[in-house]
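These notes are about the structure you will find just below.
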Amino acid sequence: MRENDAKAFVRVWKVMEMCYKILGEGKLVTQRELFYKLLSDSPKYFSCQRHVNQTIQDVVSLLRCTRQSLGIMASSRGALIGRLVLHEPEEEHIDCSILGPSGHAITGDLNQLSRLNLSSDARYLIVVEKRLAEDRLYNQIPCILITAKGYPDIATRFILHRLSQTFPNMPIFALVDWNPAGLSILCTYKYGSISMGLESYRYACNVKWLGLRGDDLQLIPQSAFQELKPRDLQIAKSLLSSKFLQDTHRAELTRMVETGTRAEIEALYCHGFDFLGKFIARKIVQGDYI
């Protein structure tokens, strides 16, 4: 057995041993917290966060379980705002429509998220790549806004999936930048993340691409377009090789690569700070999504 393979084998047992201790103590830890503990106890095998992340994925695949069942809690950057009330047993309810612009922070504890009772009079679920709460969009359109502020973490995907199961007739729309990273974010919500192994598809949702799309680019001034970066092209290459990418998404991505340009949602503000709400409402009413 090669040295690297032997170390990977030992790492699996070290992580399982640590998870056994965590569960025995009834605790939950993040992957970062687990890394520092393993770095202290077994520096020979865990010299970087990547070793821990990969080993956790191996353990999840080996045991066919979730991270949460191992006592590993998701780190979350996500937030919710809009026409949604959260009820946790024996706790005060949280009305997400009267919160400040940062919304309600999504906990990384999936057990806590699973205990929430959800009530809403919204008609739409809108996933946004960035924070748009300052627009008070949900006052213009009866909706719930959810964001992971970038690539979605497990906790944000989990609560989106719970919302989709609780309100099955509520369509889910995504508003992302017109660039390969924006499409990659949408695809993670829609299909899951390959890096999550067996957990990849667990929280997949039927997300429709509302914007930005090629047909919306006429609304953006030429000066607002940016050149694709090497990282964009790398993401595009990976997406184009995916068998899951639907034809309409592939066509959009191909157009990005061929033009070598990208555009951000914020570019729409050139029409005024109230334009975004009108833009979203028009596209929903006209059924302009894919």
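The values are calculated or read from the model by the stated rules, or taken from the named source; none is laboratory data. None of the values given here were measured: they were computed from a predicted structure. Note that each Cβ is placed from the backbone with ideal geometry, even for glycine, and that neighbours are counted across all protein chains shown.
Might you check whether a residue that is free of Cβ contacts under 8 Å to residues at least 40 places away in the same chain and over 22 Å from Y151 (Cβ atoms) occurs anywhere in segment 194-204? Looking through segment 194-204, none of the residues is free of Cβ contacts under 8 Å to residues at least 40 places away in the same chain and over 22 Å from Y151 (Cβ atoms). Taking the stated definitions as given, is L145 more than 11 Å from the chain's Cα centre (by Cα), within 20 Å of G108 (Cβ to Cβ) and either touching a residue at least 60 places away in the same chain (Cβ under 8 Å) or buried (at least 19 other Cβ atoms within 10 Å of the Cβ) (or both)? So L145 fits the description; yes. Of L217, L239, all but one fail to be assigned by TED's automatic domain parsing to the domain that holds D153, more than 22 Å from T147 (Cα to Cα), of a type in the set (A, V, I, L, M, F, W, C) and not in a loop (DSSP other than H, G, I, E, B); the exception is L217.
Which one is farthest from R11 (Cα to Cα) among residues in segment 22-34 that are surrounded by 11 or more Cβ atoms within 10 Å (Cβ to Cβ) and modelled with pLDDT of 90 or more?
Let us first name the residues in segment 22-34 that are surrounded by 11 or more Cβ atoms within 10 Å (Cβ to Cβ), namely 22-23, 27-34.
When the remaining residues are screened for being modelled with pLDDT of 90 or more, the result is 22-23, 34.
On the way: I22: 16, L23: 18, L34: 13 Å.
Of everything passing the filter in segment 22-34, L23 is farthest from R11 (Cα to Cα).
Annotation note: of G108, G71, the sole residue that is closer than 16 Å to Q31 by Cβ and under 16 Å from the mean Cα position of the chain (by Cα) is G108. Here the helices (runs of 4 or more DSSP H) wholly within segment 88-184 that include at least 1 residues being in contact with a strand residue (DSSP E or B) (Cβ under 9 Å, 6 or more places away or on another chain) and under 26 Å from L212 (Cβ atoms) are 137-140, 154-166. The residues in segment 198-214 that are out of contact with any strand residue (DSSP E or B) (no Cβ under 9 Å at 6 or more places or on another chain), part of a loop (DSSP other than H, G, I, E, B) and among the aliphatic types (A, V, I, L, M) can be counted, and the count is 1.
Checking the conditions here, which among R67, R157, R77, R115 is loosely packed, with under 14 Cβ neighbours inside 10 Å and closer than 28 Å to K21 by Cα?
Details: R67 fails: loosely packed, with under 14 Cβ neighbours inside 10 Å; R157 fails: loosely packed, with under 14 Cβ neighbours inside 10 Å; R77 fails: loosely packed, with under 14 Cβ neighbours inside 10 Å.
Criteria check complete, one pass: R115.
Can you confirm whether F244 is in contact with a helix residue (DSSP H, G or I) (Cβ under 7 Å, 6 or more places away or on another chain), surrounded by fewer than 16 Cβ atoms within 10 Å (Cβ to Cβ) and either in a helix (DSSP H, G or I) or in the same structural domain as L183 (by TED's automatic domain parsing) (or both)? Yes.
Has segment 24-35 got at least one residue that is closer than 18 Å to R115 by Cα and in a strand (DSSP E or B)?
The answer is no, given that none of the residues of segment 24-35 is closer than 18 Å to R115 by Cα and in a strand (DSSP E or B).
For segment 117-146, filtered to residues that are modelled with pLDDT of 95 or more and of a type in the set (G, A, S), the residue that is farthest from R282 (Cα to Cα) is S119.
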